[in-house]
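Trainee: Before we start, here is the structure in question, set down as structure tokens.
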Amino acid sequence: MRSFPVRPRPALRHTAADTGAMRATLTALILSVSWVLVSPQPPQEGWTAPWFCHGYECPPYTVVHQYEDFEERLYNVTRWMSTEVEDATYTPLYNGFMRLYSYTDGANEAGKELALTRPVAVTVLESDSGEGKQTSIALYIGPNTDLPKPTDTSIKEVSMPAGTVYVRQFSGVAHEADWLENLRSLKSDLQSEGKQYNSQKYVAAGYDPPWNLINRHNEVYRNDFSSHPKRTPENRQRALQRFMCHCFVQTVWVCNKGIRSDVSNWRK
């Protein structure tokens, strides 16, 4: 039985909309890696996981191009366990993480504990109008993992198609200002390189527990937009008919019935 994660102190509140969204992301990332040592899922055969996976299984990817301050990565198809939260505030984020933690700790129909992986990803989606945000938390699942059915119906197994993401990496114990600054820097770098990306969605990924004070690894993602189907009524309707999940920046899918207006990055 794994030790129960300690509930951390809530992050300070800010009034700016973007700061509030990233504060939620940071809080969830702190929560997401608060578990204590347990046997990790070994890396997949045929792929050498980077050092920051710390011996845990991570989503395989290929570095397409290394820019000065960010990477262009191609990810394979991956699986995630995901849950949505009501809004980007501390208590819903904590509750969302605890749902996922409980699932991996045996709160499933098989009563099975699951080996841990990296990373844990927090995704923020802004609505088309810019008046609302939706936040989700997801745990990566290895391709050979036999997943028992969750007892909590808010937890969904979702799949992500292969795709390209732009990733900015940074180290240290990240605070709100660090996440915000790196997200802004990635946006600026992508614009300088002429990259097309979805400005409404971003992911923050954490690889380290809070007690690791050195060699920490943090990432922010934006997804490539150039190879996705054009935003046509036909593609929009096809996506709405086939799926009940949003693809958040290629590495996380979040099932959602509430906000489905932006489907421009869904593949045919």
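Trainee: Arranged by the count of other C-beta atoms within 10 angstrom, fewest first, what order do Lys201, Lys133 take?
Mentor: Least crowded to most crowded, the residues run Lys133, Lys201.
Trainee: Still on this model: Sort the range 160-200 into rounded, prolate or oblate with this rule: let a ≥ b ≥ c be the square roots of the eigenvalues of the Cα gyration tensor; rounded if a/c is under 1.5, and if a/c is not under 1.5, prolate when a/b is larger than b/c, oblate otherwise.
Mentor: Oblate is the answer for the range 160-200, as a/c is 1.5 or above yet b/c matches or exceeds a/b.
Trainee: How far is it, in nm, from the label point at Thr62 to the one at Asn95 when both lie 7 Å from their Cα along the line to the Cβ?
Mentor: Placing both labels 7 Å along Cα→Cβ, they lie 4.4 nm apart.
Trainee: Turning to a different aspect of this structure: What's the exposure ranking of Cys58, Cys53, going from fewest to most Cβ atoms within 10 Å?
Mentor: Fewest-to-most Cβ neighbours within 10 Å comes out as Cys53, Cys58.
Trainee: Also: Could you derive backbone 3J(HN,Hα) for the range 148-164 from the dihedral phi with the Karplus parameters 6.51, -1.76 and 1.60 (θ = phi - 60°), listing whole Hz in sequence and x where the residue is Gly or Pro?
Mentor: The phi angles translate into x, 6, x, 7, 8, 6, 7, 9, 10, 8, 10, 10, 10, x, 4, x, 9 Hz.
Every read-out reported here was derived from the displayed coordinates using simple, explicitly stated rules and does not represent laboratory data. Remember, it's a predicted structure, so these values are computed and weren't measured experimentally. Cβ: placed from backbone, ideal geometry, glycine included. Neighbour counts: every protein chain shown.
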